[in-house]
Amino acid sequence: GKDDLLQTGLESLDRIIRGLAPSDLCLLGGAASMGKTSVGVDIARRVAATGKTVGFASLEMDPKQLFNRIAASQSQVPYELARAADAMSEDQFRSWVEASKNAADNLKIHIFPRHIRDIAAIHAAAKSLQVRHGLDLLIVDYAQLCRAPGREFRERMVNVSIGLKTM
């Protein structure tokens, strides 16, 4: 039933997909710079805010950048400002600092090191996290940068999708 599904915390998305089941693979697609990473970060933050454990494999951003995105999402301070603290108002800065502290202390979001770039390494990191802390949601940002066998892009993406689904 609906109680078995993990809610993303984004009401409009949850109305459409009804939530995520443990075996679901959900791919978010869109043009460059349309906010896919921001949506992934927001889902991670919202799910972790319910006490769930989230693994986040970012193949594009280092953990510090990703943490800044999480704090920006939590504080509702635009990420562009979080990258330049001197551009924030005093209230925005205070909000961002408080959100950073809250995220670090209370959110169970485990950001995988950037060298984890292929399906086998992501799977090993996710299994390790699951054994140590449990794992309710795994986000991979972004699939096109995953290393996978195949000569052509399409073949590599098929192998990435199969690998993620198998995981």
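The values are calculated or read from the model by the stated rules, or taken from the named source; none is laboratory data. The shown structure was predicted, so the numbers you read here are calculated from the model rather than taken from an experiment. So basically every Cβ, Gly included, is an ideal-geometry build from the backbone, and we count neighbours across all protein chains shown. For the accessible areas, the whole protein counts, side chains as well, though only heavy atoms, and no ligand, DNA or RNA atoms are used. Shrake-Rupley method; radii C 1.70, N 1.55, O 1.52, S 1.80 Å.
In terms of the Cα gyration tensor, with a ≥ b ≥ c the square roots of its eigenvalues, is region 97-167 rounded because a/c is under 1.5, prolate because a/b exceeds b/c, or oblate? The shape class here is prolate. For the chain, rounded, prolate or oblate, judged on the Cα gyration tensor with a ≥ b ≥ c (square roots of eigenvalues), a/c < 1.5 rounded, else prolate if a/b > b/c? In terms of gyration-tensor shape, prolate. Estimated from helical segments only, the mean residue ellipticity of the chain at 222 nm is -15500 deg cm²/dmol, where each DSSP H run of four or more residues counts as -39500 (n - 2.57).
Among the trypsin sites (Lys or Arg not before Pro) found in region 129-167, those both in a DSSP coil and sparsely packed, with 10 or fewer other Cβ atoms within 10 Å of their Cβ, are Arg151. Surface analysis of the chain yields an accessible area of 61 Å² per residue, using protein heavy atoms and a 1.4 Å probe.
Within region 1-91, the proportion of Cα pairs with more than 15 Å between them is 65 percent. Using C-alpha pairs below 8 Å separated by at least 6 residues, the relative contact order for region 39-84 is 36 percent. When you filter the trypsin sites (Lys or Arg not before Pro) in region 1-110 for DSSP loop state and at most 13 other Cβ atoms inside 10 Å of their Cβ, you are left with Arg18, Arg83. In a DSSP loop and with at most 15 other Cβ atoms within 10 Å, the GluC sites (Glu not before Pro) in region 5-94 are Glu60.
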